[in-house]
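Quick notes on the structure that follows.
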Amino acid sequence: MSGGKIFRKFLIFLCLAALMLTGCTSAKTEEAAQQETDGKEENGEKKIQIGLTVDSFVIERWIRDRDVFVATARDLGAEVNVQDAGADAQEQISQIDYFIKKHMDVIVIIARDCGALSEAVERAHSAGIRVISYDRMVNDANTDMYISFDNRMVGEIMAQSMEEAIPDGGKIFMIQGSATDNNVAMVKEGFEDTLQGSNLQVVYEANCEGWTAELAVDYVEEALEEYPDVKGIMCGNDDIASQVIQVLAENQLAGQVIVVGQDGDLAACQRIVEGTQYMTAFKSIEDLARQAARYAVKMAEEGKVSSDVTDTVNDGSYDVPAKVLEPVAVTRDNIDEVIIDGGFHRRDEVYLNTDYDTE
């Protein structure tokens, strides 16, 4: 064999050896990468996935709900995908469908329109996903759980506060939240039932559709033209109360007309110590959010509602397992104890616009 042929064979041998080595290295690299990916997937599967769709972050309290819910769920080893519906029911339906596509373990809904989401919930159930109605019941949907405050009691303590503040009676307005919110009907029921037999007379009612607080301005102006001697105004929440009190101030009635709201917003607490808002139905949002996150994680782990959820609330068609917390009437008399000592708002924030010594 000539030297040239031997040399060519030697080159071919070297090339084949190099290819074999490269192939082995590549195979080992791919195998290692696959093992690493498999490990990540395995770890990912262990993490509970929760989808949280929120009506809108325009209302102050939903930001607080979100923050506490997400922090609690993460402490329990779960991941939360938060979506803002931007006050759009159709957008919220799209977000629920998105969560279904992402194979969430549990979907938590703060409903924009309580009557528009039942079909989306049904799709989630068909995909084997549990659903929780948070604060607002999704109607006719048979969600796996409902967690909220006793909304009928909110109405009751609003009425009781008015009776206390207006002992001689008189005319009152009701400027309520959205008629599509199931909670509004429960608050109204509690309010009106409590007022029966009292000397307070509801002479004007309106609903701020979509919880758009600015609508309250026209309502109050219209009501004042007919009933300038109004004694009290019941507001669906503290955001609505802010608009109502603005109109009262323009008519030199702020502080003279008893105004009640709900949620314990910072601005409402400031108005209470200033004397322009009489009461807010305070609901411990942190407690609600923490409990909701715990129930969501437990539901994902066990595939069912926790055994300690023994109450039910009807959603219009079904009796839904429910956890219901109690609200507290906060006035100038107990705001320090409930709001400040309870850690909901700081003293310097609450008394920001007053001459009160915060030291």
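The values are calculated or read from the model by the stated rules, or taken from the named source; none is laboratory data. Small disclaimer: the values here were computed from a predicted structure and weren't measured. Using ideal geometry, Cβ is built from the backbone for each residue, glycine included, and neighbour counts are taken over all protein chains shown.
Only one of Val58, Val68 is at pLDDT 75 or above and more than 20 Å from Val106 (Cα to Cα). Can you tell me which? Step through it out loud before you land on a result.
Details: Val68 fails: more than 20 Å from Val106 (Cα to Cα).
Of Val58, Val68, the one residue that is at pLDDT 75 or above and more than 20 Å from Val106 (Cα to Cα) is Val58.
Does Tyr295 satisfy the condition of being assigned to a helix (DSSP H, G or I) and hydroxyl-bearing (Ser, Thr, Tyr)?
Working: assigned to a helix (DSSP H, G or I): yes; hydroxyl-bearing (Ser, Thr, Tyr): yes.
When the stated conditions are applied, Tyr295 passes them.
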Kindly check whether there is at least one residue in region 117-140 that is among the β-branched types (Val, Ile, Thr) and in contact with a Pro (Cβ under 9 Å, 6 or more places away or on another chain).
-> no
Those residues of region 72-84 which are in contact with a strand residue (DSSP E or B) (Cβ under 9 Å, 6 or more places away or on another chain) and either of a type outside the set (S, T, N, Q) or without any contact (Cβ under 8 Å) to a residue 12 or more places away in the chain (or both), in sequence order | Ala73, Arg74, Leu76, Gly77, Ala78, Glu79, Val80, Val82, Asp84
Among the residues of region 111-136, the number that are of a type in the set (A, V, I, L, M) and surrounded by fewer than 16 Cβ atoms within 10 Å (Cβ to Cβ) is 1
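State which residue is farthest from the chain's Cα centre (by Cα) when the search covers only region 331-353 and only residues that are part of a loop (DSSP other than H, G, I, E, B) and touching a residue at least 40 places away in the same chain (Cβ under 8 Å). Steps first, answer last, please.
Looking only at region 331-353, we keep the residues that are part of a loop (DSSP other than H, G, I, E, B), and these are 331-334, 341-346, 351-353.
Pick out the ones that are also touching a residue at least 40 places away in the same chain (Cβ under 8 Å) and you get 331-332, 342, 344-345, 351-353.
Values: Thr331: 24, Arg332: 27, Gly342: 20, Phe344: 16, His345: 19, Tyr351: 27, Leu352: 27, Asn353: 29 Å.
It comes out as Asn353.
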List every residue pair whose Cβ atoms lie under 9 Å apart, where the two residues are 6 or more positions apart in sequence or sit on different chains, the first residue falls within region 128-140 and is under 15 Å from Ser118 (Cβ atoms) and outside the structural domain of Phe99 (by TED's automatic domain parsing), and the second residue, located anywhere, is of a type in the set (Gly, Ala, Ser) and assigned to a strand (DSSP E or B).
-> none
Just name the residue that is nearest to Ala241 (Cα to Cα) out of those in region 271-297 that are surrounded by fewer than 19 Cβ atoms within 10 Å (Cβ to Cβ) and either without any contact (Cβ under 8 Å) to a residue 60 or more places away in the chain or of a type in the set (Lys, Arg) (or both).
-> Gly275
Can you tell me which residue in region 116-141 is nearest to Ser178 (Cα to Cα), limited to those that are part of a loop (DSSP other than H, G, I, E, B) and under 19 Å from the mean Cα position of the chain (by Cα)?
-> Arg136
Say whether the condition of being among the aromatic types (Phe, Trp, Tyr), surrounded by 21 or more Cβ atoms within 10 Å (Cβ to Cβ) and in the same structural domain as Ala296 (by TED's automatic domain parsing) is met by at least one residue in region 92-103.
-> yes
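Going residue by residue through region 256-264, is there one that turns out to be modelled with pLDDT under 95, part of a loop (DSSP other than H, G, I, E, B) and under 30 Å from the mean Cα position of the chain (by Cα)?
Initial filter on region 256-264 (modelled with pLDDT under 95): 263-264.
Retained after the next criterion (residues that are part of a loop (DSSP other than H, G, I, E, B)): 263-264.
So of that shortlist, the ones also under 30 Å from the mean Cα position of the chain (by Cα) come out as 263-264.
Scanning region 256-264, I find at least one residue that is modelled with pLDDT under 95, part of a loop (DSSP other than H, G, I, E, B) and under 30 Å from the mean Cα position of the chain (by Cα), so the answer is yes.
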